[in-house]
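The values are calculated or read from the model by the stated rules, or taken from the named source; none is laboratory data. Since the structure is predicted, the reported quantities are computational estimates derived from the model, not experimental observations. Cβ placement follows ideal geometry from the backbone for every residue including glycine, while neighbour counts extend to all protein chains displayed.
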Amino acid sequence: MFGVSLPRGYWCRIDHSNPDGAPVCLRGTTTLDPEQAVGWIREAARDVAWMLDRRVFAKVWAWLGDHPGAAAAVAELGSGRPFDFQFGAGQYWWTLLARPVSLLHLTARCHCLEQVEEAPIRGYRAGL
């Protein structure tokens, strides 16, 4: 019997927790290399940063400016370890994550908003 290994990919998503604590997938994707995965997570953080209060925004902005930290995240993913970045305050939290996965060629790209009902954020500001 021949052993078949599936190509490695990276599953990325951004979740938002509602006041009731239930996470809602805002969007997600798969990528073929860890640098693309970290880039996608950083772009997702930029997309929600405008909604944050100053303290949380400063944390996200500092993380976005940490280029050695981004390179370390790429290395972590490339070695098979997951990467998460979480920010928020009070009842409102965002979690950005990337996970190494094995990909079938037919499922090399997925977008979670196509698979789940879209949940609008409605302009929540962290810390309120």
Kindly list, by first and then second residue, each pair from a residue in the stretch 1-26 that is closer than 20 Å to residue 79 by Cα and among the hydrophobic types (A, V, I, L, M, F, W, C) to a residue that is modelled with pLDDT of 85 or more and not in a strand (DSSP E or B), limited to pairs with Cβ atoms under 7 Å and residues at least 6 apart or on different chains. 12/37; 12/40; 12/41
Of the conditions (1) part of a helix (DSSP H, G or I); (2) touching an Asp or Glu at 6+ places or on another chain (Cβ under 9 Å); (3) within 19 Å of residue 15 (Cα to Cα); (4) not polar (S, T, N, Q), residue 74 fails just one. Which one is it? (3)
Residues being within 17 Å of residue 90 (Cα to Cα) and among the basic types (Lys, Arg): count how many of those fall in the stretch 33-66. 3
Does residue 96 satisfy the condition of being modelled with pLDDT of 70 or more, within 12 Å of the chain's Cα centre (by Cα) and of a type in the set (A, V, I, L, M)? yes
Hey, can you tell me all the residues within the stretch 1-47 that are surrounded by fewer than 21 Cβ atoms within 10 Å (Cβ to Cβ), among the β-branched types (Val, Ile, Thr) and in a helix (DSSP H, G or I)? none
Mind checking whether some residue in the stretch 8-25 is over 12 Å from the mean Cα position of the chain (by Cα), under 16 Å from residue 103 (Cα atoms) and at pLDDT 90 or above? yes
